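Input: a single structure, listed below in structure tokens.
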Amino acid sequence: ACVGRLVGWTVTMWHLSVGDDQWPFKGCMGRTDCIFPSLYAVVGAAAFLAGTTRLTVSLAVIMLELTGGLDYIVPLMVAVVPAKWVGDAFGKEGIFDKLISLQGYPHINPNMELDSEAKAADLMSRNVVMLSKHHETLASVEDTFSK
């Protein structure tokens, strides 16, 4: 977001220094409000999130809902899609998948084949441990989980 805001300020200063005669600013026609540094900040934040989480359309929709402006969908998608491509060039996993792997948490493989004839009882654990919300102490909970 900060880098996007900085780019927005830079474009604003460029517009003020060259006026409406240059190519990117011919549509401004003397208006000083045709460049919004805050929009650049939102687009920059969306691009950063897309590159780190590998989300595209859902992230663009979330940012669209946050801004409330349908006019911003094109800049958001133009920033989000290339950011995801650049992130994919460094690896297919997003930051949350990497954190799950680093912490050693169990991760469900989305490509895992399940037997369609299996019942829930076949997949469930038989040794279920129950904790009471009223009579447990921290030491007893730690002892239960260490077994």
- Task: Convert 20 °C to kelvin, take the viscosity as 1.002 mPa s, use the Kirkwood radius over C-alpha pairs of region 71-144 as Rh, and evaluate the Stokes-Einstein diffusion coefficient in µm²/s, rounded to a whole number.
- Result: 121
- Query: Ranked highest first by the average count of other Cβ atoms within 10 Å around their residues, in what order do 40-50, 71-81, 93-103, 126-136 fall?
  - Reply: 40-50, 71-81, 93-103, 126-136
- Query: Which lysines have a Cα less than 23 Å from the Cα of K84, not counting those fewer than 8 places away in the same chain?
  - Reply: K92, K98
- Burial-style ranking of 62-68, 82-88, average other-beta-carbon count within 10 Å with highest first, yields 82-88, 62-68
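Each reported figure results from applying straightforward, stated rules to the coordinates on display, with no laboratory input. If you're wondering where the values come from, they're calculated on a predicted model, not measured in any experiment. Note: ideal-geometry Cβ built from the backbone for every residue, glycine included; neighbour counts use all protein chains shown.
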